[in-house]
1. Mind listing whichever residues of segment B:104-113 are surrounded by fewer than 24 Cβ atoms within 10 Å (Cβ to Cβ) and out of contact with any Phe, Trp or Tyr (no Cβ under 7 Å at 6 or more places or on another chain)?
2. Quick check, is residue B:57 among the hydroxyl-bearing types (Ser, Thr, Tyr), in a loop (DSSP other than H, G, I, E, B) and in contact with a strand residue (DSSP E or B) (Cβ under 7 Å, 6 or more places away or on another chain)?
3. Filter segment B:48-64 down to the residues that are within 10 Å of another protein chain (Cβ to nearest Cβ) and surrounded by fewer than 24 Cβ atoms within 10 Å (Cβ to Cβ), then identify the one that is nearest to residue B:191 (Cα to Cα).
4. Would you confirm, using the coordinates I've provided, whether residue E:93 is of a type in the set (Val, Ile, Thr), assigned to a loop (DSSP other than H, G, I, E, B) and in contact (Cβ under 8 Å) with a residue 24 or more places away in the chain?
5. For residues in segment E:17-31 being open to solvent by 80 Å² or more (accessible area, probe 1.4 Å) and part of a helix (DSSP H, G or I), which is nearest to residue F:227 (Cα to Cα)?
6. Filter segment A:71-90 for residues that are facing another protein chain (nearest Cβ under 7 Å), in contact with a Gly (Cβ under 8 Å, 6 or more places away or on another chain) and open to solvent by 10 Å² or more (accessible area, probe 1.4 Å) and give the result.
7. With respect to residue C:14, is the statement that it is open to solvent by 20 Å² or more (accessible area, probe 1.4 Å) and either at negative phi or part of a strand (DSSP E or B) (or both) true?
Number of protein chains: 6
Amino acid sequence: MSYQIGVVKRNIVRAEKSALEKLSRFGVATVHEAMGRVGLMQTYMRPIYPGAHLCGTAVTVLLHPGDNWMMHVVAEQIQPGDVVVAAVTSQCTDGFFGDLLATSFKARGAKGLVIDGGVRDVKDLTAMQFPVFSKAVSAKGTIKATLGSVNIPVICAGALVNPGDVIIADDDGVVVVPAAAAREAADAAEARENNEADKRSKLAAGVLGLDMYKMREGLERAGLKYLD
Amino acid sequence: MSYQIGVVKRNIVRAEKSALEKLSRFGVATVHEAMGRVGLMQTYMRPIYPGAHLCGTAVTVLLHPGDNWMMHVVAEQIQPGDVVVAAVTSQCTDGFFGDLLATSFKARGAKGLVIDGGVRDVKDLTAMQFPVFSKAVSAKGTIKATLGSVNIPVICAGALVNPGDVIIADDDGVVVVPAAAAREAADAAEARENNEADKRSKLAAGVLGLDMYKMREGLERAGLKYLD
Amino acid sequence: MSYQIGVVKRNIVRAEKSALEKLSRFGVATVHEAMGRVGLMQTYMRPIYPGAHLCGTAVTVLLHPGDNWMMHVVAEQIQPGDVVVAAVTSQCTDGFFGDLLATSFKARGAKGLVIDGGVRDVKDLTAMQFPVFSKAVSAKGTIKATLGSVNIPVICAGALVNPGDVIIADDDGVVVVPAAAAREAADAAEARENNEADKRSKLAAGVLGLDMYKMREGLERAGLKYLD
Amino acid sequence: MSYQIGVVKRNIVRAEKSALEKLSRFGVATVHEAMGRVGLMQTYMRPIYPGAHLCGTAVTVLLHPGDNWMMHVVAEQIQPGDVVVAAVTSQCTDGFFGDLLATSFKARGAKGLVIDGGVRDVKDLTAMQFPVFSKAVSAKGTIKATLGSVNIPVICAGALVNPGDVIIADDDGVVVVPAAAAREAADAAEARENNEADKRSKLAAGVLGLDMYKMREGLERAGLKYLD
Amino acid sequence: MSYQIGVVKRNIVRAEKSALEKLSRFGVATVHEAMGRVGLMQTYMRPIYPGAHLCGTAVTVLLHPGDNWMMHVVAEQIQPGDVVVAAVTSQCTDGFFGDLLATSFKARGAKGLVIDGGVRDVKDLTAMQFPVFSKAVSAKGTIKATLGSVNIPVICAGALVNPGDVIIADDDGVVVVPAAAAREAADAAEARENNEADKRSKLAAGVLGLDMYKMREGLERAGLKYLD
Amino acid sequence: MSYQIGVVKRNIVRAEKSALEKLSRFGVATVHEAMGRVGLMQTYMRPIYPGAHLCGTAVTVLLHPGDNWMMHVVAEQIQPGDVVVAAVTSQCTDGFFGDLLATSFKARGAKGLVIDGGVRDVKDLTAMQFPVFSKAVSAKGTIKATLGSVNIPVICAGALVNPGDVIIADDDGVVVVPAAAAREAADAAEARENNEADKRSKLAAGVLGLDMYKMREGLERAGLKYLD
């Protein structure tokens, strides 16, 4: 079968370092816009503490509900600057991850965790300032019984993540940039941000978007009527 | 057809200023009680940062899913002290609003935004201390293609909002006070709050609500039994 | 009928004090693991402010939707160190509890509230540092019309709570320890925590869980394949 | 206060009979389109049996969670051809309605019930072919303790319903037509349906919407690219 | 620890046969009312086919998410007339049960299944007319790796179920009658049903509940106002 | 950018016909198991009428919320035996599809539709016996304003779908079989089904799964205890 359950891919192609560094300067909303509004995870993925943010290359892991065995397997594949992206084969909010695994991931150089499931030890993770974006917080423990996979393509919170992709997460959510598109996305994000500074000062001065974006004609053509 | 799509009503009757100012001294729970427990939006409407609160007169906007064109149209109708109330024709969590629109709204004197949809740039909005109450946070961008309306009656998160109504929002949620009822609601809220101070000190001193509210007889009549 | 509606049980057997004190040193995740992964409430139970936590003995109350009459009845049954656990006969997010009741509960010595419903006056409760774990925040007021019960066994957020049980709650959720199991759970939690300190330092030094837990052989036996 | 709790309005203006009859020939989707895509209740409102459908004039009732007292009050206000529309002051799935009330409503000439809450006795209601559109099915009984209102404007499942409005419901959902717009909506629905018959036969013959609606040029202008 | 994981209780006390038979003549709503409105499972528990219904004594099983090993263990404990009630240690919609297990359960004399999780092979189960009430339908398979328990008290969809309790389920939901209360509940249900026949015919003849239940005075006392 | 918005891929490689035909003989649960328990869409995807089922090759379309313009573009790409799989860039339950589009799709030879959004005209679609699996039913109409894409890889209800993949859907849900794996999956499904017939008759004869699957030893080794 073409799907690979029970495999660990050791060699993955990570996004180019300089593109990654450039991308790390921008927020999720900017990068998502720069990419043409694709690659966003679903809105239920939230930071476990306000201000949590991360940018790194994905190492992926596929878990089974209630089972975090593969979290230990993926730990070994982490390289400094990586973000672990964990998907589950069906919806489960159990606490697959806590302070011990965070200690291990951090020691390996991980930048954080994105998990379509639950995590626990939120107080400790916050104290460690180890950024986690998850679907839930749950003290519910997990077992170690069934093989999943590491570094295969996974679908996490509605987004396809290939190992090596860039993951950016902040208060606005989580976005995935394909490794091959990282450079282009970074450049587009930079252009967008430069462009916004000027707009921001105009709007702050009271100029209306209606005028700045020259929308009045289009609105009138669409039939907008002003009534008194 | 009596429904008005594609219209902007320029002249609306805002709630009386002194009533509004009086109302601004009370929290959502107090005002909601003072009004007879009506006018509350659904509980999924949450502040984007802890402590966010606002009180102002509603200018309303009806959006379509994934489309924020009318946000620029409503901006022009904002007067100092207004709160923009945005409804969507069907459920959508896209990020209809971010830091650029907030900059524009703020420049117009807006007190904040209440939206039955998503917002983004949460970090910037928090830094600006621009209070937003929303259904979701989402980096997902929107298009500008379809006309909605401005300053028509809308249903936002289960509550009817007429332009000019008073909107009060804090950690407890969002409540709508009809413009014509603002004075009466403010007076009732004041009476309620005065009344509570005395109760609070009695309860703090260990007096039971059972005695203070004289509930024991009613409970006994209803059949309450004490067992050892 | 064996169910008891309209009763207040005055004498309940609270968990042993020394066991309770020992349990109060551990977090929810640790205690939940120590008990064999049972007794956890559902993950929708969240603290109303970050860092809220509590540990105490349960006094229970069964409410009806939209009715908080029995909250005043349970207040009289609170002893110093108790936690009120409130269940509702059907799902309801109304604000059953606010700052006046909190003032009363606190005056009676309550350690906090766990409620499978809504609460309000979140700002005041936070200022009072009165810990509440709830399903929702809602300004919606309630009536006082129908009898429930106090100190009967209740099911709160999916967990059975008998009066006198130990309730522990923190950022990770809410766990119930049966009174009779409190001592054993405390000892098991302590053993677990002692055991974790050593693991934590090894993991921090870069030792992998794969090696520390001796998982490699099991994974190989299960068929795990490493690919390049 | 302008809100009216505890009132029953006896005289309401029902939509014109001929417009109502004409509207009854069309489905919810057609009428909703004919009205300019407004007035639809949320999609969680479902028929309790497949094929349930209704068309009639609204008599409205506002209930409190867990309390169906006003259902008996509204029964007296039903005239032949009416549909009862029940809103609740906060979200509640209790079974506010069952076979006894259905028997009473039917005897008064009611065409059915639309309720933003729960119902029970589904088997009996199905046998009676009494159409009900609800948010939930629940055996949970309710009390009779608190006044709501009858024939005031209510918000039901996100839609504003004024007494006398036309309510149409079928497998596709529930739509509200304001009484004053009933004639115009009926005419527009008829025009729309006539127009669709021709389209349907063209499409059935294999003509593409791309050609029938002349979309190719617009798509090309928008930048659509065909790749091999 | 007082909780028992990894145990199978072989001897349980089933509700008295004659009480069970009497209860089987009544629907869920009637029994729930007869019991004082307690013991109902949450409303998300739905029959997998319209008209499914069951009445029998509970044998219980506690499962882990994604693991149906114990379903085979509970099969051996089924006696003719039993209903299997399956709880899961955390929320999981996987398909724990399908046509093979149904064949086995049926051969053992089971009356049906109530599961706070998912099931599959719905078409086959419908053809077999094997009634199942579940939280979800899912083709997702499960593993056999972790011990749960059989015939311990469980919480299923918010209701406490002790082995031997009577389980009644139909289109209106699922209700649990404690074994010791079965006789009393049956008698109360019968009395209630007898009582309803008379009411039904009065209501069908056009008598209003307002008069039949003598509500007018209470409503007036509560302050109800009739307006024209 | 590597993502392709605004493109229509005309030539796709469809799964081999004989594999597809073989797969069409099996249900979703069987195929899902045969594939190693992968490829399943989320459980909220439900048939619009009981008994709806389909098996065909995917042509994919990516829509924007509230916009069904691309549905007309994908119609032209349908070949006999295809199933349209529609994804939306953010969660939206609007009615993107109704009887007119169904007439067109059917005329092109489509086997059905799988859509992570809403549909309408359920009564007509049922009468046409045009199988649709959707997230919601909604009469809410959509606009035609924004380009999406046709025949690019999409994520639909949590599953990756490449154009040409085999889609199988029935009462148990929707599963995706990659085109390259279709033959192997069909063979594995056949083997599984053959294997089940024997098991089914043993279980029907009263043999326990415990014995048939030789589970007793494993359970004992895991520590299962039988109590009286």
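1. Within segment B:104-113, B:107, B:108, B:109, B:111 meet the criteria.
2. no
3. B:53
4. yes
5. Looking at the filtered set, the residue picked out is E:17.
6. A:72, A:89, A:90
7. Against the criterion (open to solvent by 20 Å² or more (accessible area, probe 1.4 Å) and either at negative phi or part of a strand (DSSP E or B) (or both)), residue C:14 qualifies.
Table: residues versus (1) in a helix (DSSP H, G or I); (2) buried (at least 24 other Cβ atoms within 10 Å of the Cβ); (3) small (Gly, Ala, Ser); (4) touching a Gly at 6+ places or on another chain (Cβ under 8 Å).
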| residue | (1), (2), (3), (4) |
| --- | --- |
| F:115 | no, yes, no, no |
| F:140 | no, yes, no, yes |
| F:163 | no, no, no, no |
| F:183 | yes, no, no, no |
| F:186 | yes, yes, yes, no |
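The values are calculated or read from the model by the stated rules, or taken from the named source; none is laboratory data. Predicted, not measured: the structure shown is a model, and the values here were computed from it. Cβ: placed from backbone, ideal geometry, glycine included. Neighbour counts: every protein chain shown. For accessibility, only protein heavy atoms count, side chains too; no ligands or nucleic acids. Shrake-Rupley method; radii C 1.70, N 1.55, O 1.52, S 1.80 Å.
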